[in-house]
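Quick notes on the structure that follows.
The values are calculated or read from the model by the stated rules, or taken from the named source; none is laboratory data. Note that this is a predicted model, so its numbers are computed, not measured. No Cβ is skipped: glycine too gets one built from the backbone with ideal geometry, and neighbour counts run over all protein chains shown. For accessibility, only protein heavy atoms count, side chains too; no ligands or nucleic acids. Shrake-Rupley method; radii C 1.70, N 1.55, O 1.52, S 1.80 Å.
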Amino acid sequence: MKNRAVFFMSFTALFAAIICIGCFIKIPLGVIPIVLQNVLCVLTGALLGGFAGAAPTAVFLVAGLLGLPVYSGGTSGLAVWLGPTGGFLPGYLLGALVAGLIAGKPGVEEKKITAARVVRLTLGIIAGMIVLYIPGVIRFAYWAGAAGKVPANKTALAYTMAACVLPFIPGDLIKIVVAVPVALRLRPVVAQYLYSDPSSFGGTE
C-alpha cells in the first residue's frame, strides 16, 4: 500500500508538472495557435482514470492560484479566474474528471488493445474535451453581456461560440487524434505501478 501511495503521488506530481509546462507550448497553425494545456488535463484524467484522474489538474490549478506562472501565457493568480476566460480553468478540472470516469481505472491487461477499449477511451477523451468548454462558455458569455461586447445582431452565446469555441475545434480534433493512441499505450504502464501486485516492486500491502 505504501508503494502505491508513493507511485500515485509521483504520477500526480509528474502529470501536474507536464500540464504546467504546457502553458508555454503553442503550435502555430494558421491564425489561431494550438495550445496543449486543455488536452493535457484531459489526457492525464484518462491515464489515471476515475476521480484520481482529476488530481494532477487540481494540483496545477492550485499552483496557479498560489502565484506560480502556470496558466496560459505564464499567468497566475485569482485575477485570471475572475477574468473573461476564467471559466475555462474549472473547466479543465471538469474535463479531466469526466475523461477519467469514462475511461475508468487502467489495468495491466490493457496491453492487449481491443476495439471496446479504443471506443471507451476515445469517448472519454472526446467527452472531456467537450465539457471543459462549458464553464468557460458560461463565464465568457456573462462577461461579454455585462461588458457590452455583444454585437446587436448576436446573442451572448453566439458571440461566445464564435470567439471561444468554433475557431478551436480543428485544433482540438488534432489533439484528440493524438491523445487516444498515447493514452492506449501509457495506461498499462500507469496500471503496472498503481494497481498491480505491489510485491512485484519489492513492497507489501
Inset, instruction - Please list, in chain and number order, the residues 5+ apart from residue 34 or on another chain whose amide H is under 5 Å from its amide H, with Hs placed from the backbone. - result: 27, 29
Inset, instruction - Pairs of Cα atoms under 8 Å, at least six residues apart: use those to get the relative contact order of the chain, whole percent. - result: 27 percent
Legend entry - Positive-end residue, the chain charge dipole about Cα centroid, Cβ charges, pick of 36, 142, 163: 163
Legend entry - Linear extension gain, residue 51 paired with residue 130, 0.36 nm per residue minus alpha-carbon span: 26.6 nm
Inset, instruction - Quote the convex hull volume per residue of the chain, based on C-alpha atoms, as a whole number of Å³. - result: 116 Å³
Legend entry - Whole-Hz ³J(HN,Hα) from phi, Karplus 6.51 cos²θ - 1.76 cosθ + 1.60, for segment 161-173, glycine and proline x: 4, 5, 8, 10, 10, 4, x, 9, 4, x, x, 5, 5
Inset, instruction - For the chain, find the longest principal axis of its Cα atoms and tell me its angle to the long axis of helix 37-48, 0 to 90°, nearest 10. - result: 30 degrees
Inset, instruction - Enumerate the calculated ³J(HN,Hα) couplings along segment 75-88 in order (Karplus 6.51 cos²θ - 1.76 cosθ + 1.60, θ = phi - 60°), each rounded to whole Hz, writing x wherever the residue is Gly or Pro. - result: 8, 6, x, 5, 4, 5, 4, 8, x, x, 9, x, x, 6
Legend entry - Count, lysine Cα pairs under 26 Å in the chain, 8 or more residues apart or across chains: 6
Legend entry - Dipole axis of segment 15-145 (+1 Lys, Arg; -1 Asp, Glu on Cβ), positive-most option in 54, 25, 127: 127
Inset, instruction - Using the Karplus curve 6.51 cos²θ - 1.76 cosθ + 1.60 with θ = phi - 60°, work out ³J(HN,Hα) for each residue of segment 127-136 in order, rounded to whole Hz, and write x for Gly and Pro. - result: 4, x, 5, 7, 5, 5, 6, 4, x, x
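Where the only charges are on Cβ atoms (+1 Lys, Arg; -1 Asp, Glu), what is the dipole of the chain about its Cα centre, to the nearest 20 debye?
Details: 14 positive and 5 negative charges, 42 e Å.
That gives a dipole near 200 debye.
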Inset, instruction - Write down the Å³ per residue value for the convex hull defined by the alpha carbon atoms of segment 58-122. - result: 111 Å³
Inset, instruction - Return a whole-number percent for the relative contact order of segment 47-121, with Cα pairs under 8 Å and 6 or more residues apart as the contact set. - result: 42 percent
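Under the rule a/c < 1.5 gives rounded, and otherwise a/b versus b/c splits prolate from oblate, where does segment 11-100 land using the Cα gyration tensor?
Here segment 11-100 falls in the oblate category.
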Inset, instruction - Quote the accessible area belonging to residue 122 in square angstrom, nearest 10, computed with a 1.4 Å probe and with ligands, DNA and RNA left uncounted. - result: 40 Å²
Inset, instruction - Pop out the carbon and sulfur fraction of the accessible area of segment 94-142 as a percent, whole number, probe 1.4 Å. - result: 74 percent
Legend entry - Listed residues 51, 7, 60 arranged by accessible area, highest first, probe 1.4 Å: 51, 7, 60
